[in-house]
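Below: the structure, in structure tokens.
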Amino acid sequence: MADQQDLMELAKRRGFFFGSNGAYGGTAGFYTFGPEGASLKHNVEAAWRDQFTLRLGNDEIEAPTIMPEAVFEASGHLDGFDDMLVECAECGASHRADHLIEDAVDDIEDAEAVGIERVGELIEKHDLACPACGASLAGEPVEDFNLMFETSIGPGSGQPGYMRPETAQGIFVEFPRLKEYARGQLPFGVTQIGTAYRNEISPRRGIIRVREFTQAELEQFIDPEEDEPPLAEVDDVEVTLYPATEQNAEDGAYIETTIGEAVEEGIIGSPWVAYFLGIAQGWYERVGVDMDRFRFRQHLSGERAHYAADCWDAESEIGGNWIEIAGFAYRGDYDLTKHGEHSEDRFTVFKRYDEPITVEKAVVDPDMSALGPEFGGAAAGIAEALQELAERNPDAFDEEEVTVEANGEEYTVDTEIANFAIEEQTESGEHITPHVVEPSFGVGRTVYTLLEHGYSEDEVDGETRSYLSLAPEIAPTNVAVFPLVSNDDALVEVATDVSRTLRQAGISVFYDDSGSIGRRYRRQDEVGTPFCVTVDQDGLEGDSENTVTLRERDSAAQIRIPVADLEAELEAIFSGEQTFGALRGRHGDVETDVTTA
Ligand code: AMP
């Protein structure tokens, strides 16, 4: 397992990521991805897009990151998107109260679930100290702290805005338009990869808890009564589950099962959530997460977000801790209903019946020539209230008079004036509010997991080396190309040529002619480049074999292959058509290592 310190050091030294704004003293919770990290992150996003947008047949959008206050009033984030804050009276440092408990109390893994009052009591009971200065925090108030960054839109303070705390809202607020693009047909899914902002109380562990991060989210809109996921596709996918019941049990254990069985046995309640867990399992495996250090954990009831009916997290094990890398929430109709209530637009879809149906409907047709003179300006309101009453309680119109409320006042109306009737009407469908199932991935946390799970050390030629065993699809660079020595023009020319040819074929190439070959290999091993090509004398035109050395990162094995075959062989490896092992079998390892040649 990678030492966290070593990994952070490697991340900085090799240009994966580092704390931002160092020249100005640094800003906690903000990280810059360097050249290797930006490329790695981009590849993770591309693989996610390939699976969750392309292969699942969804649409992708890109919405603004700043949204007006009304959006977050509707979504509930202004009221409920809080973490527990405790401040040290002595030194003024701010801490996540629930994290202090998790760090100090052995049997509490998720203190958020126990509630804010109990967290305050536990701080007192265990007499927890401020991690910054050591002063006691017992008795300090624990408060809700809203995590959204506030800003103002335009000059002045008239229009408050917020940096979105999740990309999801950008999809929800555009639902009235997005459903048109989907021809009003459920189910359909919309994805978005973009930045989210959370003013975390205490950012920590490198890029794992930061204040600005990238999410990759899918909002799947479904008709809860009709739409079933294609579960057969993931029936046999094997997963490690840690359901709430097991977390609450004394001797709780993981359940090793398949998606199909988990649904059948009711371990995962929603088939849609189960479907996405199955898809995600395959995706994490594809990008190179160590599946022995991976699990799906169900949220405990106190832990669920304000919108979620059921929620599972994908968690990876990092430095001995489990961290959430994605959340899978059944959000029900919460979001669309809220935006429907708070906005002017319609957040429903029209669901057409197979056959039109005839329904009996209570209607009124008030005689305005009587209502007007009697009630003046209130007449229109009264007419509306009569229709509402007819729908709600048609029996009321059996009496001679009915009483309705309009504009806060009660009015009694002669039933005859209302012209009440039961009419038969034909309806071709109804407006329904879709339910939402949301897989939400943290891109930075995935990147970190890949670095940590891919980090390995071994002995090569009597020396300890560290390397990143990244999947070829994800590695920042596909191939490094070296001339054996930099002062031989002929070698440099062939190596430059090879680089150009591979680049033309869409393979990303890093050309390096500085330092010893051993050093160059080590540098590429550390950034996870799957293959290195070294051009020596045998690669020159005119030589009988005209071959180069191809070295694979994890095994450090080297084979010689003809320059002319290089592009095709590498393409076959990257597309999954062949393995390096097979190629090695065909060519045999080189006897003399060019490093020591
Ligand atoms: P949530 O909406 O809290 O379920 O977050 C969805 C995903 O975003 C999580 O599974 C994380 O991978 C990621 N995420 C949430 N908060 C942070 C953060 N402060 N820093 C980095 N990633 C985060």
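The values are calculated or read from the model by the stated rules, or taken from the named source; none is laboratory data. In this text, all values refer to a predicted model and were calculated from it rather than measured experimentally. Reconstructed Cβ throughout: ideal geometry from the backbone, glycine too, with neighbour counts over all protein chains shown. Quick note on the areas: whole protein, heavy atoms, side chains included, nothing else; ligands and nucleic acids left out. Shrake-Rupley method; radii C 1.70, N 1.55, O 1.52, S 1.80 Å.
Key figures
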quantity: Breaking point among (1) open to solvent by 40 Å² or more (accessible area, probe 1.4 Å); (2) over 22 Å from Glu438 (Cα atoms), for Ser301; calculated: (2)
quantity: Unmet requirement for Asp110, which otherwise passes all of (1) open to solvent by 20 Å² or more (accessible area, probe 1.4 Å); (2) away from the ligand (no atom under 16 Å from the Cβ); calculated: (2)
quantity: Selected residue (only one of Thr464, Thr496, Thr501 is of a type in the set (S, T, N, Q), closer than 18 Å to Ala2 by Cα and open to solvent by 30 Å² or more (accessible area, probe 1.4 Å)); calculated: Thr464
quantity: Residues being open to solvent by less than 60 Å² (accessible area, probe 1.4 Å), out of contact with any Asp or Glu (no Cβ under 6 Å at 6 or more places or on another chain) and of a type in the set (A, V, I, L, M, F, W, C) - total across segment 8-29; calculated: 4
quantity: Criterion violated by Ala305 - all others in (1) near the ligand (Cβ under 9 Å from one of its atoms); (2) modelled with pLDDT of 90 or more; (3) not β-branched (Val, Ile, Thr) satisfied; calculated: (2)
quantity: Members of segment 504-551 found to be of a type outside the set (Ser, Thr, Tyr), under 18 Å from His587 (Cβ atoms) and buried (at least 16 other Cβ atoms within 10 Å of the Cβ), listed by number; calculated: Pro530, Phe531, Cys532, Val533, Val535, Asp536, Asp538, Gly539, Val548, Leu550, Arg551
quantity: Answer residue from segment 318-360, given it is open to solvent by less than 30 Å² (accessible area, probe 1.4 Å) and charged (D, E, K, R) and is nearest to the ligand (Cβ to nearest atom) among those; calculated: Arg331
quantity: Among the candidates Ala418, Ala475, residue that is hydrophobic (A, V, I, L, M, F, W, C), within 30 Å of Leu550 (Cα to Cα) and buried (at least 21 other Cβ atoms within 10 Å of the Cβ); calculated: Ala475
quantity: Cβ pairs under 7 Å, 6+ apart, first in segment 340-368 and within 30 Å of Arg177 (Cα to Cα), second small (Gly, Ala, Ser) and assigned to a strand (DSSP E or B); calculated: Phe350/Gly429; Lys351/Gly429; Arg352/Ser428; Arg352/Gly429; Tyr353/Ser428; Tyr353/Gly429; Pro356/Ser428
quantity: Test for Gly278: is it assigned to a helix (DSSP H, G or I) and open to solvent by 20 Å² or more (accessible area, probe 1.4 Å); calculated: no
quantity: Cβ-Cβ under 8 Å pairs, at least 6 apart or on other chains, segment 25-45 side farther than 8 Å from Pro476 by Cβ and assigned to a helix (DSSP H, G or I), far side within 16 Å of the ligand (Cβ to nearest atom) and aromatic (Phe, Trp, Tyr); calculated: Lys41/Phe33
quantity: Those residues of segment 188-205 which are open to solvent by 20 Å² or more (accessible area, probe 1.4 Å), near the ligand (Cβ under 9 Å from one of its atoms) and charged (D, E, K, R), in sequence order; calculated: Arg198
quantity: In segment 167-184, the residues that are touching a residue at least 40 places away in the same chain (Cβ under 8 Å), open to solvent by 10 Å² or more (accessible area, probe 1.4 Å), out of contact with any Phe, Trp or Tyr (no Cβ under 7 Å at 6 or more places or on another chain) and not aromatic (Phe, Trp, Tyr); calculated: Val173, Glu174, Leu178, Lys179
quantity: Considering residues of segment 427-479 that are assigned to a strand (DSSP E or B) and of a type in the set (S, T, N, Q) only, the residue farthest from the ligand (Cβ to nearest atom); calculated: Ser428
quantity: Wholly enclosed strands (runs of 3 or more DSSP E) of segment 493-568 bearing at least 3 residues touching a residue at least 12 places away in the same chain (Cβ under 8 Å) and touching a Phe, Trp or Tyr at 6+ places or on another chain (Cβ under 8 Å); calculated: 531-535, 547-552
quantity: Helices (runs of 4 or more DSSP H) wholly inside segment 73-160 containing at least 3 residues that are of a type in the set (A, V, I, L, M, F, W, C); calculated: 97-104, 116-125
quantity: Count of residues meeting criterion [under 19 Å from Thr191 (Cα atoms) and away from the ligand (no atom under 16 Å from the Cβ)] in segment 206-226; calculated: 3
